[in-house]
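*Asks:* Here it is, the structure, as structure tokens.
The values are calculated or read from the model by the stated rules, or taken from the named source; none is laboratory data. Here the structure is a predicted model, which is why all the values come from computation and not from measurement. A quick note on method: Cβ atoms are made from the backbone with ideal geometry, for glycine too, and the neighbour counts reach across all protein chains shown.
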Amino acid sequence: MKLYADTAKSLTISDLAAMKRNGDKISCLTAYDASFAVLLDQVGIDVLLVGDSLGMVIQGANSTVPVTVDDMAYHCRCVAGAAQRAFIVADLPFASYAEPTQALANAARLMQQGMARMVKLEGAKIDVVRFLVDQGVPVCGHLGLLPQSVNRLGGYRVQGRDAAQAEAILREAQQLEQAGAGLLVLECVPASLARTISQTLAIPVIGIGAGVDCDGQVLVLYDMLNIGAGNRPRFSRNFMAGAASIEDAVARYHQAVKTAQFPGLEHSY
Ligand code: KIV
């Protein structure tokens, strides 16, 4: 296993943008450690998201709120040091990007210590995104269900069901793109809204519980491998069912995303 990826062979944000233009779906999974990073990379998963979902699936917390920048930098380095081809995105965790300068200091840690290629942040933090992009930090937005706000929201629920909320999410997506975001994750929104946003934006839109018409799909690795005691969310699928191995399950997911066989209507809202 190599400690430093050969960046010449790694996918870039331009490659992902070209995939969208060409109508090639983008496959993405979360990853938190070197062993899975190598496996996912070798199968050909395009984007590895070092998600703050690690708070739940690695640390056993009941939300992403306890995750720290130290945690993210550590896990991101484990993943980025092992993957060769995949584009590595890391979450800025809860309360680590309230102000532009705080966001920059924490994004720098994820990029310098964690070797992330892009940072992801939740919500329409337009000024923060613009500032980070101006400083050379590639940013992925995240709209719809915002897990870091679970205590304010009172639970994990589908967002954007009514017209006013849907319009607000579309407007925020456009503002994030204008501020320089290079990718957008849309979580738990109606498939029709996700389709409109994917068609409206030039940047790639990666969906999770957002229907099949997004430019790519992401799932939490442990959910799709059916690991863990918690209930699997409706938008996920157990890819271990019928698979010969973990590698086979990941390959089936990759293939299902690339051919738009996943998600089905039963995984969408
Ligand atoms: O933390 C995470 O895993 C995420 C995905 C759910 C998109 O942000």
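*Asks:* Inside the range 185-206, can you point out the residues that are in contact with a strand residue (DSSP E or B) (Cβ under 9 Å, 6 or more places away or on another chain) and either within 11 Å of the ligand (Cβ to nearest atom) or of a type in the set (Ser, Thr, Tyr) (or both)?
*Replies:* VAL185, LEU186, GLU187, CYS188, SER198, ILE206
*Asks:* Restrict the check to the range 175-187 and report whether at least one residue is assigned to a helix (DSSP H, G or I), surrounded by 15 or more Cβ atoms within 10 Å (Cβ to Cβ), out of contact with any Lys or Arg (no Cβ under 6 Å at 6 or more places or on another chain) and free of Cβ contacts under 8 Å to residues at least 40 places away in the same chain.
*Replies:* yes
*Asks:* State whether one or more residues within the range 119-133 are in contact with a Ser or Thr (Cβ under 8 Å, 6 or more places away or on another chain) and assigned to a loop (DSSP other than H, G, I, E, B).
*Replies:* Yes: the range 119-133 contains one or more residues that are in contact with a Ser or Thr (Cβ under 8 Å, 6 or more places away or on another chain) and assigned to a loop (DSSP other than H, G, I, E, B).
*Asks:* How many residues are part of a helix (DSSP H, G or I) and either within 16 Å of the ligand (Cβ to nearest atom) or in contact with a Pro (Cβ under 9 Å, 6 or more places away or on another chain) (or both) when one looks only at the range 15-47?
*Replies:* 7
*Asks:* Answer with yes or no whether VAL79 is assigned to a loop (DSSP other than H, G, I, E, B) and aliphatic (A, V, I, L, M).
*Replies:* no
*Asks:* Only one of (1) over 22 Å from ALA86 (Cβ atoms); (2) at pLDDT 95 or above; (3) out of contact with any Gly (no Cβ under 9 Å at 6 or more places or on another chain) fails for TYR269. Which number is that?
*Replies:* With respect to (1) over 22 Å from ALA86 (Cβ atoms); (2) at pLDDT 95 or above; (3) out of contact with any Gly (no Cβ under 9 Å at 6 or more places or on another chain), TYR269 is out only on (3).
*Asks:* Follow-up question, since we're still on this one. Could you give every pair whose Cβ atoms fall below 9 Å, whose first residue belongs to the range 109-127 and is farther than 11 Å from LEU176 by Cβ and polar (S, T, N, Q), and whose second residue is at pLDDT 95 or above and away from the ligand (no atom under 13 Å from the Cβ), counting only separations of at least 6 or pairs across chains?
*Replies:* GLN112/ALA73; GLN113/ALA73; GLN113/TYR74; GLN113/ARG77
*Asks:* Test each condition in (1) within 16 Å of the ligand (Cβ to nearest atom); (2) assigned to a helix (DSSP H, G or I) for VAL218 and report the one that comes out false.
*Replies:* (2)
*Asks:* Among (1) within 16 Å of the ligand (Cβ to nearest atom); (2) modelled with pLDDT under 95; (3) of a type in the set (Val, Ile, Thr), which single condition is VAL69 missing?
*Replies:* VAL69 satisfies all of (1) within 16 Å of the ligand (Cβ to nearest atom); (2) modelled with pLDDT under 95; (3) of a type in the set (Val, Ile, Thr) except (2).
*Asks:* Right, next: State which residue is surrounded by the fewest Cβ atoms within 10 Å (Cβ to Cβ) when the search covers only the range 92-143 and only residues that are at positive phi and away from the ligand (no atom under 16 Å from the Cβ).
*Replies:* GLY136
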